[in-house]
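See structure below.
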Amino acid sequence: MAPVPTPALCPASSWFCGKYITDRSHDIELAFQEHVSLTVGGVLIGLVISFGLALLARRARWLESIILGGSTILYTIPSLALLAILVPIVGLSQSRLAVLIGLVIYSLVILVRAFVTGLRGVPADAVEAARGMGFGSTRLLFKVELPLALPTIMAGLRVATVSTVAMTTLGVVVDHGGFGNLLDDAFAKSYRFEALTAAVLCVLLALVADLLLLAIQRLLSPWRRKAVAR
């Protein structure tokens with residue numbers, strides 16, 4: 001999504017331009033929609049994959065080392081280099097998919113560790129008590145282990161989400177960077193007001209996403225609210 005060229009609505013040296021926000025609200029809205037869709041898609045897919053990898057990692061210590069080490073190695077690949085690898089694979093017509101795959105890859109190093117650490121930190125006596133009550137493996141996982149591991153998992157999810165919001169802007173190299181497209185346009189024209197607007201919106205999106213996840217965590221763990229109240 002390449003932004004529409006921005007006319008000189010205000011002096012380029014201005015840090016704020018209300019006319020730019022009103023006249024280019026459509027461009028800002030499109031950038032917002034793309035930024036949110038890429039961020040949500042990348043985090044959700046990464047969450048599902050990380051959950052599966054964490055369950056595999058629990059089966060054997062050597063498998064855990066391979067999974068955690070592999071996700072760390074992928075995270076060290078520079079984003080521009082990763083996009084340069086992915087775009088030829090998926091095709092130029094699917095450059096948005098390349099950005100999404102890159103976001104998923106970068107989220108794994110945080111989310112896999114959050115799942116593994118959270119599940120590993122579940123008290124052994126709670127697991128044994130559940131088994132004594134006749135809980136099977138699946139019921140034990142979803143009724144006992146995941147709820148107790150929720151704070152650690154949600155902490156990792158919040159970090160991964162904020163990181164993905166920032167990482168999405170790099171998709172501008174293939175014209176799918178959300179607010180990054182506005183930043184690129186601002187740098188090309190030396191428009192301070194456009195750069196500041198895009199940067200502020202990106203930060204606000206990260207803050208809103210973090211607060212939303214915090215609210216979801218509180219809803220999913222009502223027993224913690226009761227403990228704090230007491």
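For the range 61-102, what are the residues that are more than 15 Å from residue 115 (Cα to Cα), of a type in the set (A, V, I, L, M) and open to solvent by less than 60 Å² (accessible area, probe 1.4 Å)? Of everything in the range 61-102, those that are more than 15 Å from residue 115 (Cα to Cα), of a type in the set (A, V, I, L, M) and open to solvent by less than 60 Å² (accessible area, probe 1.4 Å) turn out to be 77, 81, 82, 83, 86, 87, 90, 98, 99, 100, 101. Please work out if residue 164 is in contact (Cβ under 8 Å) with a residue 12 or more places away in the chain and open to solvent by 70 Å² or more (accessible area, probe 1.4 Å). Here the answer is no, as residue 164 does not meet what is asked. Of the residues making up the range 200-214, those that are touching a residue at least 24 places away in the same chain (Cβ under 8 Å) and farther than 14 Å from residue 182 by Cβ number 5.
Among 146, 119, 111, which is of a type in the set (A, V, I, L, M), open to solvent by 20 Å² or more (accessible area, probe 1.4 Å) and in a helix (DSSP H, G or I)? Among 146, 119, 111, only 146 is of a type in the set (A, V, I, L, M), open to solvent by 20 Å² or more (accessible area, probe 1.4 Å) and in a helix (DSSP H, G or I).
Touching a residue at least 12 places away in the same chain (Cβ under 8 Å), within 14 Å of residue 39 (Cα to Cα) and buried (at least 16 other Cβ atoms within 10 Å of the Cβ), is that true of residue 152? Taking the combined requirement at face value, the residue does not satisfy it. Scan the range 45-60 residue by residue and report those that are open to solvent by 30 Å² or more (accessible area, probe 1.4 Å) and of a type in the set (A, V, I, L, M). Passing the criteria: 45, 47, 48, 49, 53, 55, 56. Here residue 212 clears all of (1) closer than 28 Å to residue 105 by Cβ; (2) open to solvent by less than 60 Å² (accessible area, probe 1.4 Å); (3) assigned to a helix (DSSP H, G or I) except the condition numbered (2). Entry remark, the range 37-71: residues being in contact (Cβ under 8 Å) with a residue 24 or more places away in the chain and either of a type in the set (Lys, Arg) or not in a helix (DSSP H, G or I) (or both) number 1 in total.
For the range 122-143, what are the residues that are open to solvent by 60 Å² or more (accessible area, probe 1.4 Å) and in a helix (DSSP H, G or I)? Selection gives 124, 125, 128, 131, 132, 137, 138, 139, 142, 143.
Here's the yes/no breakdown for (1) more than 30 Å from residue 192 (Cα to Cα); (2) touching a Ser or Thr at 6+ places or on another chain (Cβ under 9 Å):
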position: 17; (1), (2): no, yes
position: 21; (1), (2): no, yes
position: 25; (1), (2): no, no
position: 29; (1), (2): no, no
position: 34; (1), (2): no, yes
position: 47; (1), (2): yes, yes
position: 50; (1), (2): yes, yes
position: 53; (1), (2): yes, yes
position: 64; (1), (2): yes, no
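The values are calculated or read from the model by the stated rules, or taken from the named source; none is laboratory data. Small disclaimer: the values here were computed from a predicted structure and weren't measured. Cβ coordinates were reconstructed from backbone atoms using ideal geometry, including for glycine residues, and neighbour counts include every protein chain displayed. For the accessible areas, the whole protein counts, side chains as well, though only heavy atoms, and no ligand, DNA or RNA atoms are used. Shrake-Rupley method; radii C 1.70, N 1.55, O 1.52, S 1.80 Å.
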